[in-house]
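Shown next, in C-alpha cells, is the structure this report addresses.
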Amino acid sequence: MEELPAADADADADAEVAPGTPVIATRALTKRYRGGQLAVDGLDLTVPAGSVFGFLGPNGSGKTTTIRMLMGLIEPTSGTARVLGRPMPRAVRAVLPHVGALIEGPALYGFLSGRDNLLRLDAADPTADPRTRRARVDAALDRVGLTAAGGKKAKAYSLGMKQRLGLAAALLQPRRLLVLDEPTNGLDPQGMREIRSLVRELASDGTTVFLSSHLLDEIEQVCTHAAVMARGRLITQGAVADLAAGARGRLVVTTPDVTDAARVLKEQGVADVVVDEGRVTGEPPDRELGEVNAALVAAGVRVRGFGVERASLEDAFVALTGEGFDVAE
Ligand SMILES: Nc1ncnc2c1ncn2[C@@H]1O[C@H](COP(=O)(O)OP(=O)(O)OP(=O)(O)O)[C@@H](O)[C@H]1O
C-alpha cells in the first residue's frame, strides 16, 4: 500500500465509516466546463449505505460529470463531495481501493482471454497478493457467470459479456461501493436482464451500488433509492417507493366504447384524457370515483374495468418537471 499523506485523518478511508454516514454525500456540487457549459448545478446528493441507488436522468443531464467528480477524475468548480466519508478528490488514493467502478465501458484487451484480462488487471494492483491471484480471478469470473467463457478471447465476447467481465474486474477486491455508469447501455433485453439480476445479487450482501441510467423502468426494477436529474439539477431523491407514491396514479377505464367514455370522463372533470385501444386514461378528478363510474354506466358505456393505476416513477418525473421523460439518443 502506498504511503498516504501524513496526519491527514480526513483522507484515511481505511477507518470504518461511522454508522449512518452516507456512502456518498455532496453539497452544492457544481461543474462548469471550460466552454461555459454548466453540467452539474448545486447538487446535494445523499446515498445511504446498503442502498441500490439509481442516478436517473436523460442523456446530457449531468450524470457522468457527477460520477467523474465522485471518482476524483475531474475537479468540481465549487461545492464538495464525500465518498465513504472522505473528501474527494483529496482522499482519492485512500478511497478508490474500496470502490469498484465501471465507467464508460471496461478497458479490455481483445486479444487476451477474459481470464487473462483479469489476471493482468489484478497484477497491476500493488495491493493484490500474487499467490492468491488465480483464486481471486476464478472467484470473480464465477460471480459474474463467466467461468465457462473465461478462456475465450475478449474480442469474441458479446457486449453483455464484456460488461460482465468489467464487473468481474471491479469485484477482484472486496468493495464497499460499486459505481456503474449506464451498465446496461447498448445491451439487448437478455443482456439487460442478466446485468440487472447481477446487480441485485451484488447488492444482496450489503455492498452499496450506485448506478446511473436513463431508463426509468430499470431504476424501478433494480433500485431501492433514486435521484432524478434534469439539466444538471437534482429534481428529487429518496426511496423509490416514496418517489412514486408522491405522484398520483392515473384513472384507467377499460371499455370498447372509448369515444363515449372519453367524452363522459371530460364532463366529469377528468383532465388529460388519453384514448388508447380499448382503454381511456386520465388524471383522477377531485370527486368521488364511484360517481364517475356511475356516470359512465348511465351514458351507456360498457365499463369492463375501472380503477386507479399505481403511479410509476415516470409519473413522478412528469409531475415534478412538467415534461416527458424524453431520451435523445
Ligand atoms: N468535457 C466536456 N466539456 C464540455 N462540456 C461537456 C463535457 N462533458 C460533458 N459536457 C456537457 O455537460 C452536460 C452534461 O453531460 P454528462 O455527460 O455529464 O451528462 P449525462 O447525464 O451523463 O449524459 P450521457 O448519458 O449522455 O453521458 C452535457 O450538456 C454535455 O454536453
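Figures for the structure shown
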| read-out | value |
| --- | --- |
| LEU45 being under 15 Å from the mean Cα position of the chain (by Cα) and either within 14 Å of the ligand (Cβ to nearest atom) or without any contact (Cβ under 8 Å) to a residue 60 or more places away in the chain (or both) | yes |
| The lone exception for VAL179 - which of (1) away from the ligand (no atom under 16 Å from the Cβ); (2) under 21 Å from ILE67 (Cα atoms); (3) in contact (Cβ under 8 Å) with a residue 60 or more places away in the chain it fails | (1) |
| Pairs with Cβ under 7 Å, 6+ apart, first in region 212-237 and under 15 Å from THR64 (Cβ atoms), second in a strand (DSSP E or B) and acidic (Asp, Glu) | SER212/ASP181; GLY232/ASP41 |
| Selection within region 185-211 - surrounded by fewer than 18 Cβ atoms within 10 Å (Cβ to Cβ), more than 16 Å from the ligand (Cβ to nearest atom) and assigned to a loop (DSSP other than H, G, I, E, B) | ASP188, SER204, ASP205, GLY206 |
| Residue that is nearest to VAL179 (Cα to Cα) [pool: residues in region 67-96 that are of a type in the set (Val, Ile, Thr), within 16 Å of the ligand (Cβ to nearest atom) and surrounded by fewer than 20 Cβ atoms within 10 Å (Cβ to Cβ)] | ILE74 |
| Among (1) surrounded by fewer than 18 Cβ atoms within 10 Å (Cβ to Cβ); (2) at pLDDT 95 or above, the one test that ASP257 misses | (1) |
| Breaking point among (1) of a type in the set (D, E, K, R); (2) away from the ligand (no atom under 16 Å from the Cβ); (3) more than 26 Å from TYR109 (Cβ to Cβ); (4) modelled with pLDDT of 85 or more, for LYS152 | (3) |
| Of the criteria (1) β-branched (Val, Ile, Thr); (2) in contact with a Ser or Thr (Cβ under 9 Å, 6 or more places away or on another chain); (3) within 13 Å of VAL252 (Cβ to Cβ), which one VAL292 fails | (2) |
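The values are calculated or read from the model by the stated rules, or taken from the named source; none is laboratory data. Fair warning: this is a prediction, and the values are worked out from it, not measured in the lab. Note: ideal-geometry Cβ built from the backbone for every residue, glycine included; neighbour counts use all protein chains shown.
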